[in-house]
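Notes follow the structure.
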Amino acid sequence: MPNVENDVYAKIVGFIVNPIAGMGGAVGLKGTDGKAILERAVALGAKAIAPQRAESFLSELKPIEKSMRLIVGAGLMGEDEARNSGLTCTVLGERRKETKAEETREIAKRIANLEADLLIFCGGDGTARDIQRAVNMNLPVLGVPTGVKMHSAVFAVDPKAAARIVMEFLWGELPLREAEVMDVDEEAFREGRVSAELYGYVLSLYEPHLIQEMKVASPTTEGEMRNQAAIAIYVIENMKTDVIYIIGPGTTTRTMGDLLDAKKTLLGVDLFCNMKLLSKDVNEKQILDKIKGKTAQIIVTPIGGQGFIFGRGNQQISPEVIRRVGLSNIVVVATESKLRSLKSLRIDTGDTSLDDMLRGKGHLKVITDYKTERVIHVE
């Protein structure tokens with residue numbers, strides 16, 4: 001067993017990275033669970049995003065390194081990211097070229113057995129499930145969001161927020177809560193069906209401004225559907241000739257397709273032009289190819305209960321796509337009931353400078369009904 005005896009001031013912090021988390025996002029695969037899907041993602045040109053986001057998180061902890069004893073998974077599962085960030089760490093497990101869920105669970109169990117004070121993981125809902133199975137309620141858990149699906153209530157809103165939470169934890173006491181671990185059936189998800197399930201609970205740090213809430217589904221009431229239709233009519237009436245509309249996932253945006261007599265995907269990104277469906281369920285490369293030399297707009301709706309307009313479930317609308325389209329050509333739509341559940345809009349594209357530019361606007365207009373807009377704070 002590694003020697004992790006610490007002094008009276010330091011806390012033991014475990015850290016595990018799922019290096020393939022999030023690779024299915026930009027290429028439109030809506031997840032990376034299973035070897036076949038990972039191979040397909042790589043064939044489509046997917047790039048690893050978890051290591052970079054892990055290092056973004058860890059680099060923020062360098063000033064308080066002496067306040068913790070860091071225990072990490074070997075190689076790509078945390079060791080490389082910690083060393084690249086200049087942090088001293090104790091390594092568990094063996095370095096491997098390919099990692100499996102079983103290794104995540106095994107390292108998590110070993111960290112728990114070392115009586116760690118906190119376990120941090122980089123991944124999505126699938127990784128959260130592995131962590132929950134391994135440690136249950138035995139120690140506090142915090143997720144650094146690096147996946148495609150992040151419905152669970154254990155994730156910080158972004159890597160830097162995760163670092164701030166850890167700092168507060170190391171400097172003092174943060175309250176704990178039982179946080180839901182959710183996941184969806186990826187095969188059903190790719191077919192446009194949301195089959196979400198509660199898999200259990202973990203102890204998590206509670207910081208309401210820096211930790212996302214569990215995803216909340218839109219209601220299916222008659223009033224909600226009328227509101228969605230009114231928003232869709234207003235957006236369609238304002239569509240311009242020869243402009244390509246990049247329309248993100250969601251029930252409100254799907255209504256636009258219904259009113260245009262086109263079968264828009266519920267959970268994918270689709271392209272429309274001149275009131276017609278141009279391309280269905282596109283990935284980042286397909287979007288960039290289609291909008292080259294063209295005027296385009298992005299239409300998105302925030303995730304219920306969380307408020308993210310970019311960086312959760314629509315990674316096909318990548319930082320490069322957003323920059324190509326332009327910040328002035330982003331249209332946000334949301335029903336009144338969805339907005340009532342949100343304190344603000346959130347952004348986590350993975351491109352820090354772009355996120356800062358979007359947040360720097362302070363507020364965004366949100367279409368909430370026919371000819372009705374509200375100004376909502378962005379953070």
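Summary table below
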read-out	value
Residue in segment 346-358 that is in a strand (DSSP E or B) and either more than 17 Å from the chain's Cα centre (by Cα) or outside the structural domain of A50 (by TED's automatic domain parsing) (or both) present	yes
Answer residue from segment 124-147, given it is assigned to a loop (DSSP other than H, G, I, E, B) and more than 22 Å from G313 (Cα to Cα) and is nearest to the chain's Cα centre (by Cα) among those	P140
Close pairs (7 angstrom Cβ cut-off, 6 or more residues apart or separate chains): farther than 14 Å from L119 by Cα and in a loop (DSSP other than H, G, I, E, B) in segment 68-91, of a type in the set (S, T, N, Q) and at pLDDT 95 or above anywhere	S85/S59
Residues (over 18 Å from R133 (Cα atoms), of a type outside the set (D, E, K, R) and either touching a Pro at 6+ places or on another chain (Cβ under 7 Å) or not in a helix (DSSP H, G or I) (or both)) located in segment 148-181	V148, A156, V157, G172, L174, P175, L176
Only one of A262, A217, A232, A296 that is touching a Phe, Trp or Tyr at 6+ places or on another chain (Cβ under 8 Å) and in contact (Cβ under 8 Å) with a residue 24 or more places away in the chain	A296
Which listed residue is over 28 Å from D281 (Cα atoms) and either within 20 Å of the chain's Cα centre (by Cα) or at pLDDT below 95 (or both), from V181, V166, V194, V157	V166
Some residue of segment 155-162 being free of Cβ contacts under 8 Å to residues at least 40 places away in the same chain and surrounded by fewer than 20 Cβ atoms within 10 Å (Cβ to Cβ)	no
Single residue of I303, I322 found to be under 21 Å from L267 (Cα atoms) and not in a helix (DSSP H, G or I)	I303
Of all residues making up segment 129-152, the number that are among the aliphatic types (A, V, I, L, M) and under 17 Å from G311 (Cβ atoms)	3
V282 vs. criteria part of a strand (DSSP E or B), in the same structural domain as N227 (by TED's automatic domain parsing) and modelled with pLDDT of 95 or more	no
Count - residues of segment 342-369 that are out of contact with any Asp or Glu (no Cβ under 8 Å at 6 or more places or on another chain), farther than 14 Å from I298 by Cβ and surrounded by 15 or more Cβ atoms within 10 Å (Cβ to Cβ)	3
Residue that is surrounded by the fewest Cβ atoms within 10 Å (Cβ to Cβ) [pool: residues in segment 264-299 that are small (G, A, S) and within 17 Å of V325 (Cβ to Cβ)]	G293
Residue in segment 241-263 that is modelled with the highest pLDDT, counting only those that are farther than 23 Å from E320 by Cβ and part of a loop (DSSP other than H, G, I, E, B)	T241
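Yes/no per residue for (1) polar (S, T, N, Q); (2) touching an Asp or Glu at 6+ places or on another chain (Cβ under 9 Å); (3) over 23 Å from Q315 (Cα atoms):
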site: V27; (1), (2), (3): no, yes, no
site: K35; (1), (2), (3): no, yes, no
site: E39; (1), (2), (3): no, no, no
site: F57; (1), (2), (3): no, yes, no
site: E65; (1), (2), (3): no, no, yes
site: G93; (1), (2), (3): no, yes, yes
site: K97; (1), (2), (3): no, no, yes
site: R110; (1), (2), (3): no, no, yes
site: C122; (1), (2), (3): no, yes, no
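The values are calculated or read from the model by the stated rules, or taken from the named source; none is laboratory data. These figures come from a predicted structure and were not determined experimentally. Glycine also receives a Cβ, built like all others from the backbone with ideal geometry; neighbour counts cover every protein chain displayed.
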